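The values are calculated or read from the model by the stated rules, or taken from the named source; none is laboratory data. As the structure is a prediction and not an experimental result, all values here were calculated from the model. Cβ atoms come from the backbone with ideal geometry, glycine included; neighbour counts cover every protein chain shown. Surface areas here come from the heavy atoms of the whole protein model, side chains and all, with no ligands, DNA or RNA. Shrake-Rupley method; radii C 1.70, N 1.55, O 1.52, S 1.80 Å.
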Amino acid sequence: MGSAPHQSHHQSPRRASAVAVRELVPPDPDLSARWHVHDYPSSFARWNFHPEYEVHLARSGPGRYIVGDTVGVFGAGQLALIGPNVPHDWISDVEPGEVLIGRDVVFQFSSRWLQGCEELLPELRALTPLWSRSRSGVSFSGATAAAGAIALERIGAARGADRLTHIFGLFHLMVTAPEEEYELMSGVWEPRVDDPLAEQVVGTALTYVVKNLTDAVRLSAAASLVGMNESSFSRYFKRASGLSFTDMVRKLRLTQAANLLLETKRPVHEICTMVGYQNLSNFNRQFLAYFGHTPSTHRQRGGVDAGWIPPAHRR
């Protein structure tokens, strides 16, 4: 990844009123790893990255996720493993004032804790392939996702040695998942951890995009929100997120359309307009290219799996 913009040639982003800040995972002296549940929207539900590994369960759906440089759709029951410093966000479409109670279950643990466990318990080195995959994000499906969700929920209620049993049981489920029950979610992510402003810039821009997806989304407006000119913002956003601003908007629109096709009975031409497309032929063409089938077929098939991966990112 490139270095941060040089002061003499590029504008630096100013602080914005609504920003995504690097997530700090607070340690609990009585627990070796952190388990928690949060609502959506909440301060935890935002584009962020952190040095800990994260197991994420979406209790409700549908919605859209961003992992690394990939935008996909998720449904209730999606189970994912996210590696250290891989950017991620799960976005649900909610009405003003609506809150999805307990939408997310999250389990976070540090590389240092993991390495310490492996030094004392060499059997845990069998998990190495799992941690390698996590650099791309891993989405689980089928029986693995169902059993993994149960194990993850039980971690929250367990204490002492029983808690460790569920933790290592979850890891075992994930590393032994059949090939047909897991997919890599993105390319191997090389994070720009040296840049503390990346989350602020990308997070502010994404907040703007999601709020205005059904209307005109302008690069100039996003750039203005973070205090950059259009050219500098465009380069910065691509380096920080892995996607150009245009690609991010396009993929968020298409994945929103995919969910609307299933959640409503609106005709395709209305959904096309609702997600910001003015030309139905262009919308159909882009939907087919991204999902591998037409909007009508998507509705007939009942959508995609809970942890759908764009075809271009599948193993």
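Data for the structure
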{"read-out": "Hydrodynamic radius of region 183-248 per Kirkwood, over alpha carbon pairs, in Å", "value": "12.5"}
{"read-out": "Alpha-carbon centroid distance for the pair region 228-261 / region 83-132, whole angstrom", "value": "25"}
{"read-out": "Local electrostatic count, ALA126, Cβ distance below 14 Å [Lys/Arg +1, Asp/Glu -1]", "value": "0"}
{"read-out": "Contour minus Cα-Cα distance for LEU120 and ALA161 (0.36 nm per residue)", "value": "13.2 nm"}
{"read-out": "The chain - percent of accessible surface contributed by carbon and sulfur, probe 1.4 Å", "value": "53"}
{"read-out": "Accessible area in the full protein assembly, largest first, 1.4 Å probe, for ARG103, ARG239", "value": "ARG239, ARG103"}
{"read-out": "Distance histogram in 10 Å bins (all Cα pairs of region 96-231, percent per bin)", "value": "9, 27, 29, 23, 12, 1"}
{"read-out": "Accessible-area order (highest first, 1.4 angstrom probe) of the listed residues ASP69, ASP93", "value": "ASP93, ASP69"}
{"read-out": "Protection proxy ranking of 276-283, 225-232 - average other beta-carbon atoms within 10 Å, highest first", "value": "225-232, 276-283"}
{"read-out": "Separation of the ARG235 and ASP30 label points, Cα + 7 Å toward Cβ, nm", "value": "5.2"}
{"read-out": "Bins of 5 Å, starting at 0 and running to the largest distance - Cα pair percent for region 214-300", "value": "3, 14, 22, 21, 13, 13, 9, 4, 1"}
{"read-out": "Compactness of the chain, expressed as Rg and Dmax over alpha-carbon positions, Å", "value": "19.7, 61"}
